[in-house]
1. Would you mind getting me the FRET efficiency between Asp61 and Glu102? Use the beta-carbon distance for r and R0 = 25 Å, nearest 0.05.
2. Sorted by accessible area (1.4 Å probe), largest first, how do Arg84, Arg99, Arg73, Arg93 line up?
3. For Val67, list long-range residues whose amide hydrogen, built 1.01 Å from N in the peptide plane, is under 5 Å from its own amide hydrogen.
4. Working with all protein chains in place, sort Glu90, Glu102, Glu109, Glu14 by solvent-accessible area computed with a 1.4 Å probe, largest first.
5. Taking a probe of 1.4 angstrom, what is the accessible area of Thr13 in Å², to the nearest 10?
6. Please report the net charge: other residues with Cβ closer than 14 Å to the Cβ of Leu51, K and R +1, D and E -1.
7. Rank Asp110, Asp61, Asp100, Asp71 by accessible area, highest first, at a 1.4 Å probe radius?
8. Going by the alpha-carbon gyration tensor, a ≥ b ≥ c the square roots of its eigenvalues, is segment 1-67 rounded (a/c under 1.5) or, if a/c is not under 1.5, prolate (a/b greater than b/c) versus oblate?
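The values are calculated or read from the model by the stated rules, or taken from the named source; none is laboratory data. Note that the coordinates shown come from a computational prediction; the quantities given were computed from them, not determined experimentally. Glycine gets a Cβ as well: all are built from the backbone with ideal geometry, and neighbour counts include every protein chain shown. These accessible areas exclude ligands, DNA and RNA; they are computed on the full protein's heavy atoms, side chains included. Shrake-Rupley method; radii C 1.70, N 1.55, O 1.52, S 1.80 Å.
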Amino acid sequence: MSEKMIQKYIPLTEATYYILLSMIEPIHGYKLMQNVEEMTSGKVKLGPGTLYGATSKLVKDEVIEQVVTEDERRKSYKLTSLGRQILKLEYERLKSQVRDGEEIVENLED
C-alpha cells in the first residue's frame, strides 16, 4: 500500500488507535467497544456511531477487513497488513513523544 495512505492516518485519533489495537484478532463491534473501555479503565468509551463510522472508513481504505466467524449475525473485523503497519507506526510515534517530554515533565515543579 502506498506511503500516502499510511500518512493519511498518522497521527491516529484516540478512538481509531484503540479500535486498531482491539482488532489484532477478529472481533465484533459490541465486544470491541467493551475491550476499549476495559483497556482504558473506562477513560475511552466508543459509541455505536463512532465505531461504525470508523469501521466503514477503515474497511474502505483496506486498513481492516471483515471476516467470517461462527456468529453470522455479527460483523467481525481484523487488521490487514496495512492496518498493522499503521498501528506500529502510531505506537512508535507515541513512544517517541513520551520519551521527548519525559525529562522535562519529571522535573516540573508544582
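1. Step by step, r from the Cβ atoms, then E = 0.15.
2. Details: Arg84 115, Arg99 140, Arg73 200, Arg93 70 Å².
Most to least solvent-accessible, the answer reads Arg73, Arg99, Arg84, Arg93.
3. Ser76, Tyr77, Lys78
4. Working: Glu90 5, Glu102 90, Glu109 170, Glu14 115 Å².
Listed by decreasing accessible area, they come as Glu109, Glu14, Glu102, Glu90.
5. Accessible area, nearest 10 Å²: 80 Å².
6. Details: positive: Lys31, Lys45, Lys57, Arg74, Lys75; negative: Glu14, Glu37.
Local charge sum for Leu51: +3.
7. Values: Asp110 200, Asp61 10, Asp100 110, Asp71 50 Å².
The ordering from most to least exposed comes out as Asp110, Asp100, Asp71, Asp61.
8. prolate
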